[in-house]
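Just so it is clear, none of the values below were taken in a lab; they were calculated from the coordinates. Everything quoted here is computed from the prediction, not taken from an experiment. Here the Cβ positions follow ideal geometry from the backbone for every residue, glycine too, while neighbour counts run over all protein chains shown.
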Amino acid sequence: MTKCPFCDAELVEERREIEKGVWAMVEVCPNCKDEWIDEAEHDRLVGLFKRKTFNLGGSVAVRIPKEIADALSIGAGTSVDFTVRDGKMVISKV
């Protein structure tokens, strides 16, 4: 167990929702209520939101991570719209 760098209290490990449907193991200070994640958990979270495209037939495809699809109730056969805003692709459920 690690100690809080601010108040020296023992940190408690908890599973917390950091984005809708995205959970992470964090260490929480019972006094300060500050939260920390270790490097491995950080890398896992970053990996959820980064994907490489791949060719699928004549199209370019990308996989949506299960945690994100579940949070948005997206599954096989879900209709989505694509729009472009400020140079970014936005995918919305219909």
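Of all residues in the stretch 1-49, how many are within 25 Å of residue 90 (Cα to Cα), among the basic types (Lys, Arg) and not in a loop (DSSP other than H, G, I, E, B)?
Here the count works out to 1.
In the list 31, 55, which residue meets the criterion of being free of Cβ contacts under 8 Å to residues at least 40 places away in the same chain, among the polar types (S, T, N, Q), exposed (fewer than 10 other Cβ atoms within 10 Å of the Cβ) and at negative phi?
Working: 31 fails: exposed (fewer than 10 other Cβ atoms within 10 Å of the Cβ).
That would be 55, the only listed residue that is free of Cβ contacts under 8 Å to residues at least 40 places away in the same chain, among the polar types (S, T, N, Q), exposed (fewer than 10 other Cβ atoms within 10 Å of the Cβ) and at negative phi.
Out of all the residues in the stretch 64-94, which are basic (Lys, Arg) and out of contact with any strand residue (DSSP E or B) (no Cβ under 8 Å at 6 or more places or on another chain)?
Answer for the stretch 64-94, where residues must be basic (Lys, Arg) and out of contact with any strand residue (DSSP E or B) (no Cβ under 8 Å at 6 or more places or on another chain): 66, 85, 88.
Being over 23 Å from residue 23 (Cβ atoms) and touching a residue at least 12 places away in the same chain (Cβ under 8 Å) is the filter here, so list the residues in the stretch 58-91 that pass it.
79, 80, 81
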